[in-house]
Amino acid sequence: MSNKQDSLAPNFAVGLNHDVWEFSDLILKNRFMESLNEGGTRYAIYRELRFAARMDLEALFDDLALNLNCRVQRLDSRAMILDADGIFISAFGGRKKDYSSGVFNIWGDSLETVESMKQKILECVGDAKIDDPMFSVDWHFLTSRGDLESVAIEELADDVLHDEAYPDFEKGVSDFISRYLDADETVLILQGSPGTGKTRFIRAILGEISKRKGEQAFALYTGDKKTLENDEIFVKFITGLEDAFVIEDADHILKPRAEGNENLHRFLTVADGIVRAQGRKIIFSTNLPNVKDLDDALIRPGRCFARVSVRELSLDEAKVLLEELCEKQQDKIAKAIEVLTRQEKKHYSLADIYKIAAQI
């Protein structure tokens, strides 16, 4: 009887499919599965290390690869895996004009192991490490398979906003940013044509958040329309640790729902409630020329701190800004204004003005 029941018992196998974006993720999750199958624990501790250094990215990764006593695999110019007994590190680097940045995801079998490795990494970086305030931008996008992925970008919080570049702020830009960060309202909308300083303004806000925290600020960022058409990125913002959600070129998101905008309701949901209570900010930039193009529900009092129009400068305003950018050096000012007036425009974007100042 027992044999007959055994022969009738179902015979099946269970499989699991999981798409991964990074090769290091494939290795790590395979190890997780092996450890679970064996009934053991492999990596009990996880930490993240982020930093920037004034050195070439390849040189930085070379030093780390050769001096950490790990088994190393360089995946490409900006990614590598470091593996040793009781430790696994997935490292990613980025290049900027004057510095390189690194994001190190560290798994270890003990807190002591992980902290020791963090210290060794920082010792390799040495005096090249940048200690100035920074912020991290977690840039989200959809892959060709429709999966939400992200890339972390470390940025120096060194943007200087000149009041002369934003003449419509009566009390200056620093006062405005301070009042926004102190306010209960979540939403800020920056309107203006390309090149009028919207991105520079957003960077200054994120930098000020870092300075207030005394540590790196984190921003969720996207400019991808399709990314905003599902709930995943919104859930991540509500449940994550980001200080701000930045949406650039958000024309399609901000138009009134009466015009067929089906995605705004997600922002209306997250702009209040949990996110507001956590003091997080949602910042939109848009090229929409008219404030009336925005949905009334988004810009209502209590939800929206301000909708700001940034604009090109007149010739006289541009000259005043150039004087500031040239640090009151009369010879540079004269050359810059000469270049400016040769263009024979009525209005000048900040991009035009900063380019002239940089070339003098």
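The values are calculated or read from the model by the stated rules, or taken from the named source; none is laboratory data. Quick caveat: nothing in here was measured; it's all calculated off a predicted structure. Glycine also receives a Cβ, built like all others from the backbone with ideal geometry; neighbour counts cover every protein chain displayed.
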### Summary
If you go through Lys319, Lys332, Lys346, Lys355, the only one that is touching a Cys at 6+ places or on another chain (Cβ under 6 Å) and either at pLDDT 90 or above or not hydroxyl-bearing (Ser, Thr, Tyr) (or both) is Lys332
### Query
Is it the case that segment 115-123 has a residue that's in contact with a Cys (Cβ under 9 Å, 6 or more places away or on another chain), modelled with pLDDT of 95 or more and more than 18 Å from Glu155 (Cα to Cα)?
yes
#### Entry: Every pair of residues 6+ apart whose Cβ atoms lie under 8 Å, when the first sits in segment 262-290 and is within 15 Å of Arg300 (Cβ to Cβ) and buried (at least 18 other Cβ atoms within 10 Å of the Cβ) while the second is at pLDDT 70 or above and of a type in the set (Ser, Thr, Tyr)
Ala271/Thr186; Arg276/Thr186; Ile282/Thr186
### Query
(1) crowded, with 22+ Cβ neighbours inside 10 Å; (2) in contact with a strand residue (DSSP E or B) (Cβ under 7 Å, 6 or more places away or on another chain): which one isn't true of Gly197, the others all being true?
(2)
### Query
So which residues in segment 129-157 are among the charged types (D, E, K, R) and under 15 Å from the mean Cα position of the chain (by Cα), if there are any at all?
Asp138, Glu149, Glu154, Glu155
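Please enumerate the residues belonging to segment 133-161 that are hydrophobic (A, V, I, L, M, F, W, C) and either without any contact (Cβ under 8 Å) to a residue 12 or more places away in the chain or under 19 Å from Ser210 (Cβ atoms) (or both).
Step one: list which residues in segment 133-161 are hydrophobic (A, V, I, L, M, F, W, C), which gives 134-135, 137, 139, 141-142, 148, 151-153, 156-157, 160-161.
Within segment 133-161, Met134, Phe135, Val137, Trp139, Ala152, Ile153, Leu156, Ala157, Val160, Leu161 qualify.
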### Query
How many of the residues making up segment 306-340 are in contact (Cβ under 8 Å) with a residue 60 or more places away in the chain, crowded, with 19+ Cβ neighbours inside 10 Å and small (Gly, Ala, Ser)?
0
### Query
Which of the following residues is among the polar types (S, T, N, Q), under 19 Å from Glu154 (Cβ atoms) and in the same structural domain as Thr113 (by TED's automatic domain parsing): Ser35, Ser77?
Ser77
### Task
Please state which one of Arg203, Arg179 is surrounded by fewer than 16 Cβ atoms within 10 Å (Cβ to Cβ) and basic (Lys, Arg).
Arg179
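Give, as residue ranges, the strands (runs of 3 or more DSSP E) completely inside segment 55-126 that count at least 1 residues that are in contact with a Lys or Arg (Cβ under 9 Å, 6 or more places away or on another chain) and free of Cβ contacts under 8 Å to residues at least 24 places away in the same chain.
Values: elements: 71-76, 79-84, 87-95, 100-108.
Answer list for segment 55-126: 79-84.
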